[in-house]
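Here is the structure we will look at.
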Amino acid sequence: MNILIAEDDPFHRSFLASTVREALPSCDSLFEASGGQEAIDLAEANELDGVVIDLQMPTISGITAASRIWEKRPDMRILFWSNYSDEAYVRNVSRIVPKEAVYGYLLKTASAQRLALAMMSIFLEDQCVIDREVRGVQQRAMDVHQGLSNTEFEVLTDIALGLTDKAIATRRGISTRSVQSRLKQLYEKLGIDQLPHDEDGPIFNSRARAVAIALSRGLLNYEGMSLGESKLRRWLEDGK
């Protein structure tokens, strides 16, 4: 069994390495990366059976690195190990997981024993393992009354990237009227429709205010926007 660890903090990387050796005695080769690009390169150069990766790393995040790895190996088993359970992180991970993939999302506050059990479940038993706190965030995000639907989150990301209604319609293969309908639903859930007005009309730009509220609530973050920017550039390069 060949396992890759991707973690920029040397102490955490050493801890992960010792946990892998304890939990997976059948591990023959253990590769270590201190950043996202190094993780991508090692995954391409070696026949791996699994990856343990930190979500937040400099230059290329763990989410982007995992997405690139899954593009080549959609069956790769990946355990995300992170300090963060914000909705933006949880959603961004969920958006990149292939249907056939076995994966896990464990917080760094979990005990060493819990981490070892998660590794055994994912890499030996092909079972997904999701931290209880993360599972709670997933359930709240799926609430039809409070959480954003996938299409609403998608249009939120698109306006944060600066796309016009027409560009969003072209990219998503829908009509501009459908885009406006999704924006209306998004604004209602974020409370944009209740913002104050003066005699000249609204005092906020709805798109900018939606992005600001989403950032303050942890619905958007740097890693997710970096991934969104990468996908947008690919779409533009492909000639839309």
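The values are calculated or read from the model by the stated rules, or taken from the named source; none is laboratory data. Note that the coordinates shown come from a computational prediction; the quantities given were computed from them, not determined experimentally. In this analysis, Cβ positions are derived from the backbone assuming ideal geometry, glycine residues included, and neighbour counts consider all displayed protein chains.
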Next item on the list: Pick out the one residue from P10, P58 that is more than 28 Å from K231 (Cα to Cα), outside the structural domain of T157 (by TED's automatic domain parsing) and surrounded by fewer than 17 Cβ atoms within 10 Å (Cβ to Cβ).
Entry: P10
Checklist line | Count - residues of region 60-76 that are assigned to a helix (DSSP H, G or I) and among the polar types (S, T, N, Q) | finding: 2
Next item on the list: State yes or no: is D49 touching a residue at least 40 places away in the same chain (Cβ under 8 Å), of a type in the set (D, E) and crowded, with 21+ Cβ neighbours inside 10 Å?
Entry: no
Margin query: Restricting to region 98-113, give me the number of residues that are crowded, with 18+ Cβ neighbours inside 10 Å and under 13 Å from the mean Cα position of the chain (by Cα).
Written below: 3
Note to self: For region 224-240, check the following and say yes or no: at least one residue is of a type outside the set (S, T, N, Q), at positive phi, in contact (Cβ under 8 Å) with a residue 60 or more places away in the chain and loosely packed, with under 11 Cβ neighbours inside 10 Å.
What the structure shows: yes
Margin query: One residue is enough: does region 20-35 have a residue meeting the conditions hydrophobic (A, V, I, L, M, F, W, C), part of a strand (DSSP E or B) and more than 28 Å from S230 (Cα to Cα)?
Written below: yes
Margin query: Just to be sure before I move on: is E71 outside the structural domain of M225 (by TED's automatic domain parsing) and in contact (Cβ under 8 Å) with a residue 40 or more places away in the chain in the structure I sent?
Written below: no
Next item on the list: Quick one: which residue in R91, R95 is surrounded by fewer than 18 Cβ atoms within 10 Å (Cβ to Cβ) and not assigned by TED's automatic domain parsing to the domain that holds Y187?
Entry: R95
Checklist line | helices (runs of 4 or more DSSP H) enclosed by region 77-155 - at least 2 residues per element that are closer than 30 Å to S181 by Cβ and in contact (Cβ under 8 Å) with a residue 60 or more places away in the chain | finding: 87-96
